[in-house]
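Coordinate-derived values only; no laboratory data. Here the structure is a predicted model, which means the values were calculated and not measured. Don't worry about glycine lacking a Cβ; one is built from the backbone with ideal geometry, like all the others, and counts go over all protein chains shown.
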Amino acid sequence: MICITFKKQHTRNNAILTFLTLFLARAHSVRPTVAVIGGGIAGLSCAEKLSQQYFDVTVFDTGRLRPGGRCASRWPGDRPKEGDPSLLSQYRFDHAAQAISVPPSFVKFQNQVKEWESRGVLRQFTNGSVYQINGAQPPTPLSSDHPLYFAPNGMNAIAMDLVASRKYTLQHDVWVSPSNGVKWIEKSQKWRVQAKGEVRGYFDYLIIAHNGKCADRLMSSSPAKEIHSLLRVNFAPSVPANGGNRMTLGSIYSLSFCLKSPSILSKTLPDSFVAGFISENADLGFLTCQSGKLAQSDTAHEVWTILSTPKFAKRHKAPQEFMPEETVEEVSTLLLVSLGDLLSIAPESLLAEVVDRRLQLWGAAIPMNVWRSKDEGFLYDCKHKVGVCGDWLLVPSIAGAWTSGRQLADYMVEAKGDLKKDVGLRGRFVRSTSSHRLGITSASKAPECIKA
Ligand SMILES: Cc1cc2nc3c(=O)[nH]c(=O)nc-3n(C[C@H](O)[C@H](O)[C@H](O)COP(=O)(O)OP(=O)(O)OC[C@H]3O[C@@H](n4cnc5c(N)ncnc54)[C@H](O)[C@@H]3O)c2cc1C
């Protein structure tokens, strides 16, 4: 008798379990699916919001070590691309974005920054540690109405924070090939995403969260012609005063190098120096003392990073992925010599102190123009269910990228999949006024600001 009752109970529990499993699987599968191509700050901010509400999201990103795109850092222990680990690989450094400013009208980003600050992901630069360097005068502390922030563990920590509590799938070290990576399937009204010769899924929505040659080619044979026409790209260090008629990206060289501590640079610059905007210089745009900015476990060496101007990068154009050794040598030397000249240090003394260095070319570093439309911040084509987000749709900065991704997600979440309106497709390119300062708010002027 006991045995029969137990069996009945067991069968009923099993049936309930099966029902629940099927119900949950069904509930899960009816969430509209979204493929986000690009795991930079824009793609991650968009994916985070979409996946919290209503959508089933997969992010594809090329990042070999981690996602984050141009919000990139090297951390001790990172697997080197090739060869033996160098001295530099024992240190932490940011090799693209260096600082974050919060445009006053970006209220949601302000709240996100406050939240990051409360958890120690971001910290404000201390007063008087960020300088303005203009060769004619000694470096002067930047007087800014707006605080500047940095991530004490390196800028990539921001991307990793967006990934940490994710409710979406992340496929990194995955390049969605521009030749056949995405295909619109008219019959099912879905996007097929393919990478490394494998179909990765069929998605209700596609989000392009990157720009440059890749995005241009990826969408070139899709039926979303208006989206593609806005993704077409030029590479140049400047644009005409009217903004030009195509997205234009400038390139930047980033040189990180190790010097024995205390170095000639720290002896020359003020003790409080951590970072400096370099103005009116043909070659150099920004200088950071990574050892002053980031937590390092070893203080035997100092790590510094110089960012070039887009004009310098154009003059010394090279293939980004396979830079010839002579170009690496020539460009690194030229940047160090320019830095010596700027700070009135004999260049040979500076060169003699360099014990290790790493040069990177960011080919699609910074938008020289931004797309302005009535509906600011992102693009959406309702017929083909494709959205676009990224810094080039607002301000060329982390603030712009995060906000653009969030605005696209807010739009999709509010419409709950009933997206019947094109957004942002009518407008024009305008010259970016802050691109020469990496999108960072200047001391006195408001950034190129728009509602967000
Ligand atoms: C040298 C440098 C210094 C900078 N300094 C600052 C600064 O100090 N402060 C600041 O606010 N901003 C700075 N910026 C700008 C800032 O980094 C960018 O505005 C911001 O990170 C852009 O984010 P995003 O998500 O729009 O694009 P990205 O960061 O470019 O993200 C796009 C992602 O998509 C991936 N991807 C591309 N194609 C594919 C594909 N086919 N398949 C899969 N993945 C793909 C890319 O690898 C990348 O990870 C700097 C930029 C550079 C280059």
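Taking H placed 1.01 Å from N in the peptide plane, check which residues at least 5 places from Lys190 or on another chain put their amide H under 5 Å from its amide H.
Ile185
Expected output is a single nm value to one decimal: the length gained when fully extending between Asp341 and Arg64, i.e. 0.36 nm times separation in residues minus the C-alpha distance. What is it?
Details: separation 277, 0.36 × 277 = 99.72 nm, distance 3.62 nm.
Once the chain is fully extended between Asp341 and Arg64, it gains 96.1 nm.
Rounded to the nearest 0.05, what FRET efficiency do Lys314 and Glu414 give with R0 = 41 Å and r taken as the Cβ-Cβ distance? Could you check? Could the numbers behind the result be given before it?
Values: r = 42 Å, r/R0 = 1.02.
Step by step, r from the Cβ atoms, then E = 0.45.
If all Cα-Cα distances of segment 355-426 are sorted into 10 Å bins from 0 onward, what percent lands in each bin, rounded to whole numbers?
20, 43, 22, 9, 5, 1
With everything on Cα atoms, drop me the angle between helix 107-118 and the longest principal axis of the chain, reported from 0 to 90° to the nearest 10.
80
Please state the relative contact order of the chain as a whole percent: Cα pairs under 8 Å, 6+ residues apart?
Working: 979 pairs, mean separation 90.8, N = 452.
After rounding, I find 20 percent.
Less than 15 Å from a label point 7 Å out along the Cα-to-Cβ axis of Val430: which backbone N atoms in segment 382-406 qualify, by residue?
392-396
222 nm [θ] for the chain, helices only, -39500 (n - 2.57) per DSSP H run of 4+, per residue, to 500?
Numbers: 12 runs with 134 residues, N = 452.
When only DSSP H runs of four or more count, the value is -9000 deg cm²/dmol.
Among Cys389, Cys382, rank each residue by its count of other Cβ atoms within 10 Å, from fewest to most, as a rough exposure measure. Mind showing how you got there, number by number?
Working: Cys389 35, Cys382 15.
In order of increasing Cβ crowding within 10 Å: Cys382, Cys389.
Which net charge results for the neighbourhood of Leu231, defined as the other residues with beta-carbon distances under 15 angstrom from its beta-carbon, given Lys and Arg at +1 and Asp and Glu at -1? The partial results should precede the final answer.
Numbers: positive: Lys213, Arg217, Lys225, Arg232, Arg246; negative: Asp216, Glu226, Asp381, Asp391.
Net local charge, Leu231 excluded: +1.
At 7 Å along Cα-to-Cβ for each site, give me the label-to-label distance between Arg166 and Lys267 in nm.
Using points 7 Å along Cα→Cβ, the separation is 4.7 nm.
Extending each Cα 7 Å along its Cβ direction at Gln53 and Lys108, get the distance between those two points in nm, one decimal.
0.9
Relative contact order of segment 294-451, please, whole-number percent, based on alpha carbon pairs below 8 angstrom and at least 6 residues apart.
Values: 178 pairs, mean separation 30.9, N = 158.
Here the relative contact order equals 20 percent.
As I understand it, the value is the acute angle between the Cα axis of helix 2-29 and the longest principal axis of the Cα atoms of the chain; what does it come to in degrees, rounded to 10?
Compared with the principal axis, the helix lies near 50 degrees.
Could you point to the residue in Ser51, Ser73, Ser86 farthest towards the positive end of segment 49-130's charge dipole, with +1 and -1 charges on the Cβ of Lys/Arg and Asp/Glu respectively?
Ser51
Evaluate 2.2 N^0.38 Å with N set to the residue count of the chain, then give the Cα radius of gyration divided by it. Before the final figure, lay out each step's value.
Values: Rg = 24.1 Å, N = 452, 2.2 N^0.38 = 22.5 Å.
The chain yields a ratio of 1.07.
Roughly how big is the chain's charge dipole about its Cα centre, with Cβ charges of +1 (Lys, Arg) and -1 (Asp, Glu), in debye to the nearest 20?
On the way: 53 positive and 40 negative charges, 455 e Å.
The dipole of the chain has a size of about 2180 debye.
Within segment 346-372, which residues have the backbone N less than 18 Å from the label spot 7 Å out from His146 along Cα→beta-carbon, could you tell me?
Under 18 Å, as judged by backbone N against the label point of His146, lie 366-372 of segment 346-372.
Go through 159-172, 342-355, 273-286 and give me the packing order, highest mean Cβ count within 10 Å leading. Walk me through the numbers on the way to the answer.
Numbers: 159-172: 17.5, 342-355: 14.6, 273-286: 19.9.
Answer by packing, highest mean first, reads 273-286, 159-172, 342-355.
Report the percentage of all Cα-Cα pairs in segment 282-351 whose separation exceeds 22 Å, rounded to a whole percent.
Values: 752 of 2415 pairs.
Of all Cα-Cα distances in segment 282-351, 31 percent exceed 22 Å.
Sticking with the crude label model, points 7 Å out along Cα→Cβ, report the distance from Glu330 to Ser297 in nm, one decimal please.
3.9
If I stretch the segment between Ile185 and Ser220 completely, what's the gain in nm (0.36 nm per residue apart, minus their alpha carbon distance), one decimal? Please list the in-between numbers first.
Numbers: separation 35, 0.36 × 35 = 12.60 nm, distance 1.54 nm.
The Ile185-Ser220 span can extend by a further 11.1 nm.
How much length would be gained if the chain were fully extended between Lys421 and Ser86, taking 0.36 nm per residue of separation minus their Cα-Cα distance, in nm to one decimal? Walk me through the intermediate numbers first.
On the way: separation 335, 0.36 × 335 = 120.60 nm, distance 5.22 nm.
Extra length from Lys421 to Ser86 when fully extended: 115.4 nm.
By average Cβ neighbour count within 10 Å, what is the ranking of 302-310, 124-132 from highest down?
Working: 302-310: 24.9, 124-132: 16.6.
Top of the packing list down: 302-310, 124-132.
Less than 14 Å Cβ to Cβ from Ser222, Lys/Arg counted +1 and Asp/Glu -1: what total charge do the surrounding residues give?
On the way: positive: Lys183, Lys190, Arg192, Arg217, Lys225, Arg232, Lys383, Lys385; negative: Glu186, Asp216, Glu226, Asp381.
Once all neighbours under 14 Å are counted, the net charge is +4.
Suppose a student asked you for the relative contact order of segment 72-122, using Cα pairs under 8 Å spaced at least 6 residues apart; what percent would you report?
Numbers: 34 pairs, mean separation 15.7, N = 51.
Averaging sequence separation for qualifying contacts and normalising by length gives 31 percent for segment 72-122.
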